[in-house]
Amino acid sequence: MLIEKISTKKVSDTISEQIEKMILDSSFPGGEKLPSVRELCEMFGAGRSAVRDAITVLKGKGLVIVKQGEGTYVSKFDSRKIFSHAVMLPNAKDITELFQVRKIVETGMAEMAACNRSENDLKRMKMILSTHTDAPWEDDYQFHLSIAKATGNALLIQFVQVISTTIKHAMIDFHQFIKRDTEALETIAEHHERIFESISSGTPNQSNEYMLQHLTFVESILHKSLKQNS
């Protein structure tokens with residue numbers, strides 16, 4: 001197995017890209033346990049924090065599953081079959097196309113949720129908004145998924161889950177870029193709260209509008225991030 005030593009590129013990104021290649025070419029088959037963090041550090045000549053960050057990215061893309069106390073396992077599904085052209089979101093065109101889809105689907109989703117939500121749906125959303133884990137992108141994704149569930153439309157929920165690999169990667173990129181930007185973090189929290197309140201109050205048009213504002217803001221941040229990294 002050929003391992004490339006890390007050079008000037010961001011260490012965690014390079015590690016995640018190399019492991020992803022190994023997963024996609026079956027060097028690490030589905031269901032197989034990845035080497036330990038210590039072993040990966042030795043393989044790539046990198047520190048533990050960089051390896052852990054790389055695993056977080058791979059988890060967000062649905063390529064690995066982290067089992068507490070056991071280790072990290074390669075997901076059994078073939079991620080190449082699920083929106084494979086957009087998984088890495090490497091350029092402005094891919095970001096724009098993803099958000100074109102999200103704006104069409106998720107604005108209507110918020111509107112439908114405002115009409116169909118149950119008390120349990122609202123409790124679930126409120127709990128997600130009030131609970132903060134070590135992975136902000138996961139909290140973000142779970143909130144959007146909870147809106148899909150509140151629509152009561154099984155096909156819509158499945159659709160959101162199918163494109164979740166791409167959506168999660170976009171959310172990881174977004175939260176990596178804004179993690180020290182308190183103003184952007186506050187804006188996101190305000191957006192989520194407004195979307196929740198409009199769904200809770202049963203105002204579909206307002207829910208649609210707030211979701212569109214939110215997605216437009218996130219898209220602009222991702223484009224800004226891309227330009228700064230170019």
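Just wondering, is there one or more residues in the range 190-199 that are free of Cβ contacts under 8 Å to residues at least 40 places away in the same chain and either open to solvent by less than 60 Å² (accessible area, probe 1.4 Å) or β-branched (Val, Ile, Thr) (or both)? Yes: one or more hits. Could you list, in sequence order, all residues of the range 150-163 that are assigned to a helix (DSSP H, G or I) and either in contact (Cβ under 8 Å) with a residue 40 or more places away in the chain or not aliphatic (A, V, I, L, M) (or both)? Selection gives Ala150, Thr151, Leu156, Gln158, Phe159, Val160, Gln161, Val162. Does at least one position in the range 212-221 carry a residue that is of a type in the set (A, V, I, L, M), open to solvent by 40 Å² or more (accessible area, probe 1.4 Å), modelled with pLDDT under 80 and over 13 Å from Asp140 (Cβ atoms)? No: zero hits.
Without any contact (Cβ under 8 Å) to a residue 60 or more places away in the chain, under 23 Å from Trp137 (Cα atoms), in contact with a Phe, Trp or Tyr (Cβ under 8 Å, 6 or more places away or on another chain) and of a type in the set (Val, Ile, Thr), is that true of Ile55? No.
Remark: pairs (first residue in the range 9-23, free of Cβ contacts under 8 Å to residues at least 40 places away in the same chain; second residue surrounded by fewer than 22 Cβ atoms within 10 Å (Cβ to Cβ) and not hydrophobic (A, V, I, L, M, F, W, C); Cβ separation under 7 Å; 6+ apart in sequence or on different chains) = Gln18/Glu4.
Sub-6 Å Cβ pairs linking a first residue in the range 120-149 that is more than 19 Å from Pro204 (Cα to Cα) and in a helix (DSSP H, G or I) to a second residue that is open to solvent by 20 Å² or more (accessible area, probe 1.4 Å) and not aliphatic (A, V, I, L, M), at least 6 apart or interchain, are Ile128/Gln142; Pro136/His175; Trp137/His175; Asp139/Thr133; Tyr141/Lys168, ordered by first then second residue.
The values are calculated or read from the model by the stated rules, or taken from the named source; none is laboratory data. Owing to the predicted nature of the structure, the values given are computational and were not obtained by experimental measurement. Quick reminder, even Gly has a Cβ in these numbers, built from the backbone with ideal geometry, and neighbours come from all protein chains shown. Each accessible area value is taken on the protein alone, full model and side chains, heavy atoms only, with ligands, DNA and RNA left out. Shrake-Rupley method; radii C 1.70, N 1.55, O 1.52, S 1.80 Å.
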